[in-house]
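Chemist: I have a structure I would like to understand better, so I am pasting it below and will then ask my questions one at a time.
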Amino acid sequence: MTTDIAYDVVTCGEGLLRLSPARYERLEQSNVLDVHVTGAALEVAVGVQRLGLQTAWLSAVADTPLGKKVINKVQEHGVDTRYVYRVPEGRTGLCYVEPGSAPRLPQFLYDLDHSAFRSTHPEQVNWSLLTQTRVYHIDATSMAADPAYRPWLENKYIDPISSGCITSVCLDVPEGHPFHGQMTSLIVRLIEEADLVVITVRALETLWGISGTLNEVAYDIKHRIAADVVAVVENRLSTPRAGNWQGIAIADTLYEDRIYRMEVIDAGGTLSAFTAGFLYGKLTGTLEIALKYGNAAAALAHSIPGHISWLTKQDLQSQIEGEGTKLQR
């Protein structure tokens, strides 16, 4: 069982670099690319840390200037990276994003072959810190699209049940990369064995064929799996620049919150922002508060370029209290 707690949340997953043109240019016309650090697991670790809890990130990262750029960005926000496995002469995965504006949709191109994380076996990573954390969080979205991640899922990221911590799993349908057939059963098993699940309506429909209102799909999945808490979110973008965000949570009771209507600057990292706010609220307060923090974090993340949620607890509280749209002096 967990004894000496050093971390509130430990996350595990791949870190990437996202390259995108400025000023909504096409990739083929752009001469300059903005570089952002991304990776759902590290985004959650950063988000929770910025809200005031202690986090660590587990991963395998290239021991190169590009890999160090990823680690440095995570460290900048106070996340513990001492347990990251460094791969000599390894490769850092890349994601090229071409921003869209109606009627042109965003485009995502991934270059992940032979990356340090995908080339590392889970047993090479030091998992000892799982005995020192309250929550162990896995983002399964990228895993679901590619059988190269199979060793990580077969090990369930080194089964945390024996470590005594809460297991948390987040899942969406990978952008432009549907679930891979070989991975579906492993993803389902991971979700079925988690204590806390954050999942999108798209993922529920893809995995189980669940459809209906947000409340209906939440009740449906809660009855199918053993998780103590399930949060279901829906992000509807009517155009690449505008849309709605809504999330609800269910345990013994269903919890609802407001619908956020947004002008979108960047939709990257918004599910990670929700998860970070939700975990923070769950660890420090009630499930109702967790949902409010999660939704506020996701909505605000749409207004910030890049995948890292540069948010504070004060930002979330102002949004929840209705002060977020007022001029701050």
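The values are calculated or read from the model by the stated rules, or taken from the named source; none is laboratory data. Given the structure is predicted, the values throughout are model-derived calculations rather than measurements. Cβ atoms come from the backbone with ideal geometry, glycine included; neighbour counts cover every protein chain shown.
Chemist: Can you go through Leu17, Leu42, Leu51 and tell me which one is of a type in the set (A, V, I, L, M, F, W, C) and farther than 24 Å from Ser142 by Cα?
Modeler: The conditions single out Leu51.
Chemist: Among the residues of segment 71-87, write down those that are touching a helix residue (DSSP H, G or I) at 6+ places or on another chain (Cβ under 7 Å) and farther than 18 Å from Ser115 by Cβ.
Modeler: Result: His77, Gly78, Val79, Tyr83.
Conditions tested, residue by residue: (1) farther than 30 Å from Tyr24 by Cα; (2) outside any loop (DSSP other than H, G, I, E, B); (3) among the aliphatic types (A, V, I, L, M).
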{"site": "Met262", "(1), (2), (3)": "no, yes, yes"}
{"site": "Ile265", "(1), (2), (3)": "no, no, yes"}
{"site": "Gly268", "(1), (2), (3)": "no, no, no"}
{"site": "Tyr280", "(1), (2), (3)": "yes, yes, no"}
{"site": "Ile289", "(1), (2), (3)": "yes, yes, yes"}
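Chemist: Looking at the structure I just gave you, is Lys68 out of contact with any Pro (no Cβ under 6 Å at 6 or more places or on another chain), free of Cβ contacts under 8 Å to residues at least 24 places away in the same chain and not in a strand (DSSP E or B)?
Modeler: yes
For (1) part of a helix (DSSP H, G or I); (2) modelled with pLDDT of 95 or more, each residue gets a yes or a no:
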| position | (1), (2) |
| --- | --- |
| Thr2 | no, no |
| Arg18 | no, yes |
| Ser30 | no, no |
| Gln75 | yes, yes |
| Asp113 | no, no |
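Chemist: Quick check on segment 27-43: of everything there that is among the hydrophobic types (A, V, I, L, M, F, W, C) and out of contact with any Asp or Glu (no Cβ under 7 Å at 6 or more places or on another chain), which residue is farthest from Arg86 (Cα to Cα)?
Modeler: My answer is Val32.
Chemist: Hey, another quick one. Counting only residues that are surrounded by fewer than 24 Cβ atoms within 10 Å (Cβ to Cβ) and of a type in the set (Gly, Ala, Ser), which one in segment 21-55 is nearest to Ala298 (Cα to Cα)?
Modeler: Of everything passing the filter in segment 21-55, Gly52 is nearest to Ala298 (Cα to Cα).
Chemist: Scan segment 88-131 residue by residue and report those that are farther than 30 Å from Ser238 by Cβ, surrounded by 16 or more Cβ atoms within 10 Å (Cβ to Cβ) and charged (D, E, K, R).
Modeler: Correct list: Arg91, Arg118.
Chemist: Follow-up. Hey, can you tell me all the residues within segment 95-111 that are assigned to a strand (DSSP E or B) and either in contact with a helix residue (DSSP H, G or I) (Cβ under 7 Å, 6 or more places away or on another chain) or not hydroxyl-bearing (Ser, Thr, Tyr) (or both)?
Modeler: Cys95, Val97, Glu98, Arg104, Gln107, Phe108, Leu109, Asp111
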